[in-house]
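Since the structure comes first, as structure tokens, the remarks are kept for the end.
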Amino acid sequence: MGAIRLEKVRKTFGNLDVIPGVDLDINDGEFVVFVGPSGCGKSTLLRLIAGLEDVSGGKILIDGTDVVDASPAKRGLSMVFQSYALYPHMTVYNNIAFGLKMAGESKAVIEEKVRNAADILNLTDYLDRRPGALSGGQRQRVAIGRAIVRNPAAFLFDEPLSNLDASLRVNMRLEITALHQSLKTTMVYVTHDQVEAMTMANKIVVLQAGRVEQVGAPMELYNRPANKFVAGFIGSPKMNFIEGAYAGQRNSHTLGIRPEHIAVSTESGEIAATVKIAEHLGAETYLHVVADDIGPMTVRATGEMPLGEHDRIWLTPDATRLHRFDAHGQAITAP
Amino acid sequence: MEKTFKSPLKHIAFSVFAWLVGLMIFFPIFWMVLTSFKSELDAISMPPMFFDFDWTLANYVEVQARSNYFKFAMNSVVLSVGSTLIGLVFAVTCAWAMAFSPTKRTKNALLWMLSTKMMPPVGVLVPIYLVFRDWGLLDNRFGIMMVLFLMNLPIMVWMLYTYFKEIPKDILEAARMDGATMPKEILFVLLPMAVPGIASTMLLNIILAWNEAFWTLNLTTSDAAPLTAFIASYSSPEGLFWAKLSAASTMAVAPILIIGWFSQKQLVRGLTFGAVK
């Protein structure tokens with residue numbers, strides 16, 4: 001079991017309100033991703049759950065028990081750190097076994113659990129090595145192995161992939177997702193990368209300045225962002241925000257159009273625009289254009305588009321996928 | 001280092017200069033060792049004799065006969081190692097707290113600790129002497145050990161603090177998540193990672209305590225007297241006996257010189273710690 005519930009959790013550093021009060025429900029077995037720009041308090045929130053920081057107020061309930069005063073180890077959670085935080089003076093085996101030793105498990109039990117974890121993570125051949133002799137991906141696996149053997153109520157991941165190079169990151173992303181599918185344990189994952197959030201999560205928590213902006217399934221956030229911040233943060237390239245007359249005609253202060261929801265034509269369309277930069281990726285083309293009377297926009301077109309600087313094109317936004325926001329940046333839901 | 005100097009001339013000039021400084025520092029020790037093998041007459045002869053004198057071991061025999069070298073040496077070992085071990089217990093915990101749970105005033109506390117080293121010890125000689133007298137700690141190994149331990153504590157804390165600072169906090173937090181209690185966290189995770197820093201801190205403090213002369217001379221006479229007192233006993237009112245004094249000094253510094261020689265690398269690392277990244 002690993003249901004985590006935050007009730008009005010607050011954290012202040014001196015006079016600084018890092019987290020002014022967060023309410024959140026994480027169900028057992030869920031993969032929850034905290035996402036937000038750097039400094040939004042997502043790591044602090046994770047550390048509060050872990051018990052590495054003391055809360056300034058509120059309750060943290062794990063399976064119904066308030067753990068605010070419990071030490072990190074007593075909370076039954078495992079954490080994977082951004083820097084891996086392996087014990088450099090111990091072998092891989094001892095790194096993974098350390099938590100079990102601290103818990104006073106017998107040698108035979110430790111041996112069995114470590115071998116089992118090493119098997120899952122393809123580390124069996126490296127058990128006698130020190131962390132210094134491992135690659136980045138292997139170190140990350142050891143860190144995960146150390147977390148697994150304790151059989152925790154929930155896993156906490158603090159930006160675990162940001163030290164890896166791009167291709168390895170994609171692999172590890174898949175591995176962690178596969179791990180979640182096989183273990184079915186609650187996972188709380190912190191990242192600033194919305195791609196990781198979208199691909200891994202059952203539930204995404206978007207944070208800004210210590211506040212929860214929106215909680216929801218990835219596609220829910222993508223299709224129905226609650227406000228401009230979430231709309232701009234989820235999705236890549238970023239959503240276009242249009243103000244002024246064009247937005248006014250559609251009963252909104254700001255109109256949000258995702259780059260992938262705009263049809264491109266060289267002959268006719270709703271908005272005339274001039275191409276500034278065309279990024280050709282093969283499978284798709286990113287067009288950075290200046291639309292007449294509107295200003296800069298980004299358009300994502302599938303396939304190859306033989307366009308370049310100064311070319312005139314016409315854009316037609318998909319009318320059913322427009323996002324309307326009021327003057328405060330809140331989404332307008334009524335038609 | 002080879003790449004530091006662009007022209008070979010500069011390189012040579014620097015080498016010559018470095019050797020000169022090195023020889024200047026080494027010369028007194030060299031002269032002391034040399035003198036210890038001379039007769040008292042040769043020792044004070046003018047011009048000084050370098051190698052063309054009658055080599056003799058008489059001074060060593062004489063010194064050995066007059067006073068019990070091993071008793072003093074044993075005291076030196078007990079005092080320097082003992083004060084360092086006690087200091088380590090306090091300094092490790094203190095530096096651990098300062099390095100991993102700092103507050104706004106941690107830096108001030110560190111500076112304040114170090115500032116106590118700026119006071120001349122003689123300034124507190126009388127009060128400490130009186131306290132020692134009243135508590136019966138004069139010429140007592142435990143008493144002098146406490147003084148040496150307290151005297152070197154700021155340096156130990158400072159050295160360990162700069163060392164611990166370089167250990168990522170994440171690793172200790174990982175240990176905490178793994179269920180390590182505070183003593184286990186220090187013992188199984190922090191200390192093994194800090195072995196080089198602790199070794200150099202220990203070595204430096206053993207040397208400092210070994211060579212400490214002010215308090216050992218003032219607070220001990222015979223029972224707890226270390227080698228510093230052994231040397232001092234040869235500069236007597238009846239006159240200086242240079243050769244015997246040199247023999248005594250050579251015997252006093254020999255053990256620490258040998259230890260220092262074999263642990264040069266650790267010592268240099270300890271002394272320059274934090275100076276270069």
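The values are calculated or read from the model by the stated rules, or taken from the named source; none is laboratory data. These numbers come from a predicted model, not from an experiment. So basically every Cβ, Gly included, is an ideal-geometry build from the backbone, and we count neighbours across all protein chains shown.
Matching residues to (1) at the interface with chain A (Cβ under 7 Å from one of its Cβ atoms); (2) aliphatic (A, V, I, L, M); (3) closer than 27 Å to A:LYS101 by Cα:
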| position | (1), (2), (3) |
| --- | --- |
| B:MET156 | no, yes, no |
| B:ASP178 | yes, no, yes |
| B:GLU185 | no, no, yes |
| B:ILE198 | no, yes, yes |
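On inspection, A:ILE148 fails the criterion of being closer than 25 Å to A:GLY29 by Cβ, assigned by TED's automatic domain parsing to the domain that holds A:ALA97 and without any contact (Cβ under 8 Å) to a residue 40 or more places away in the chain.
The single residue among B:ASP134, B:ASP178, B:ASP170, B:ASP139 that is touching a residue at least 60 places away in the same chain (Cβ under 8 Å) and among the acidic types (Asp, Glu) turns out to be B:ASP139. Residues that are in contact (Cβ under 8 Å) with a residue 24 or more places away in the chain and among the polar types (S, T, N, Q): does region A:119-132 have at least one? No. Scoring A:THR199 on the criteria (1) in contact with a Lys or Arg (Cβ under 8 Å, 6 or more places away or on another chain); (2) buried (at least 18 other Cβ atoms within 10 Å of the Cβ) leaves a single failure, condition (2).
Within region A:52-88, being on the phi > 0 side of the Ramachandran plot and at the interface with chain B (Cβ under 9 Å from one of its Cβ atoms) holds for A:TYR84, A:ALA85. Return the residue satisfying two criteria in turn: it lies in region A:121-136 and is surrounded by fewer than 18 Cβ atoms within 10 Å (Cβ to Cβ) and assigned to a helix (DSSP H, G or I), and of such residues it is nearest to the other protein chains (Cβ to nearest Cβ). Within region A:121-136, the match that is nearest to the other protein chains (Cβ to nearest Cβ) is A:GLY132. Considering region A:212-239, and only residues there that are small (Gly, Ala, Ser) and without any contact (Cβ under 8 Å) to a residue 40 or more places away in the chain, the residue that is surrounded by the most Cβ atoms within 10 Å (Cβ to Cβ) turns out to be A:GLY216.
Let's see how each residue does on (1) part of a loop (DSSP other than H, G, I, E, B); (2) assigned by TED's automatic domain parsing to the domain that holds B:LEU208; (3) at pLDDT below 90; (4) exposed (fewer than 15 other Cβ atoms within 10 Å of the Cβ):
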site: B:PHE70; (1), (2), (3), (4): no, yes, yes, yes
site: B:THR84; (1), (2), (3), (4): no, yes, no, no
site: B:LYS104; (1), (2), (3), (4): yes, yes, yes, yes
site: B:THR116; (1), (2), (3), (4): no, yes, yes, yes
site: B:TYR163; (1), (2), (3), (4): no, yes, yes, no
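Being in contact with an Asp or Glu (Cβ under 8 Å, 6 or more places away or on another chain) and either over 11 Å from B:THR84 (Cα atoms) or surrounded by fewer than 18 Cβ atoms within 10 Å (Cβ to Cβ) (or both) is the filter here, so list the residues in region B:134-155 that pass it. Of everything in region B:134-155, those that are in contact with an Asp or Glu (Cβ under 8 Å, 6 or more places away or on another chain) and either over 11 Å from B:THR84 (Cα atoms) or surrounded by fewer than 18 Cβ atoms within 10 Å (Cβ to Cβ) (or both) turn out to be B:ASP139, B:ASN140, B:ARG141. Residue check: is B:ALA209 within 14 Å of another protein chain (Cβ to nearest Cβ) and at pLDDT 90 or above? Taking the combined requirement at face value, the residue does not satisfy it. Test B:ARG105 against the stated conditions and say whether it is charged (D, E, K, R) and farther than 22 Å from B:ALA213 by Cα. So B:ARG105 passes the test.
Restricted to region A:147-159, and to residues there that are assigned to a loop (DSSP other than H, G, I, E, B) and modelled with pLDDT of 90 or more, the residue that is surrounded by the most Cβ atoms within 10 Å (Cβ to Cβ) is A:VAL149. Residue selection: B:LEU217 satisfies the criterion of being without any contact (Cβ under 8 Å) to a residue 24 or more places away in the chain and either within 20 Å of B:PHE70 (Cα to Cα) or assigned to a strand (DSSP E or B) (or both). With respect to (1) within 14 Å of chain B (Cβ to nearest Cβ); (2) over 16 Å from the mean Cα position of the chain (by Cα); (3) crowded, with 19+ Cβ neighbours inside 10 Å, the lone exception for A:THR91 is condition (3). Scanning region A:33-49 for residues that are surrounded by fewer than 24 Cβ atoms within 10 Å (Cβ to Cβ) and assigned to a helix (DSSP H, G or I) yields A:SER43, A:THR44, A:LEU46, A:ARG47. Count of region A:18-51 residues, restricted to those that are within 14 Å of another protein chain (Cβ to nearest Cβ), more than 15 Å from A:ALA3 (Cα to Cα) and either touching a residue at least 60 places away in the same chain (Cβ under 8 Å) or not hydrophobic (A, V, I, L, M, F, W, C) (or both), is 4.
Every residue, every condition in (1) at pLDDT 85 or above; (2) out of contact with any strand residue (DSSP E or B) (no Cβ under 7 Å at 6 or more places or on another chain); (3) in the same structural domain as B:SER80 (by TED's automatic domain parsing), yes or no:
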{"site": "B:ALA232", "(1), (2), (3)": "no, yes, yes"}
{"site": "B:PRO237", "(1), (2), (3)": "no, yes, yes"}
{"site": "B:LEU240", "(1), (2), (3)": "no, yes, yes"}
{"site": "B:SER249", "(1), (2), (3)": "yes, yes, yes"}
{"site": "B:ALA254", "(1), (2), (3)": "yes, yes, yes"}
{"site": "B:ILE258", "(1), (2), (3)": "yes, yes, yes"}
{"site": "B:GLN264", "(1), (2), (3)": "no, yes, yes"}
{"site": "B:LEU267", "(1), (2), (3)": "no, yes, yes"}
{"site": "B:LYS277", "(1), (2), (3)": "no, yes, no"}
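Pick from A:LYS59, A:LYS11: which is within 26 Å of B:LEU172 (Cα to Cα), in the same structural domain as A:GLN214 (by TED's automatic domain parsing), at pLDDT 90 or above and in contact with a Ser or Thr (Cβ under 8 Å, 6 or more places away or on another chain)? The match here is A:LYS11. Filtering A:VAL142, A:VAL205, A:VAL190 for residues that are in a helix (DSSP H, G or I), among the β-branched types (Val, Ile, Thr) and in the same structural domain as A:LYS74 (by TED's automatic domain parsing) leaves a single hit, A:VAL142.
If a residue has to be more than 7 Å from chain A (Cβ to nearest Cβ) and not in a loop (DSSP other than H, G, I, E, B) to count, how many in region B:165-174 make the cut?
3
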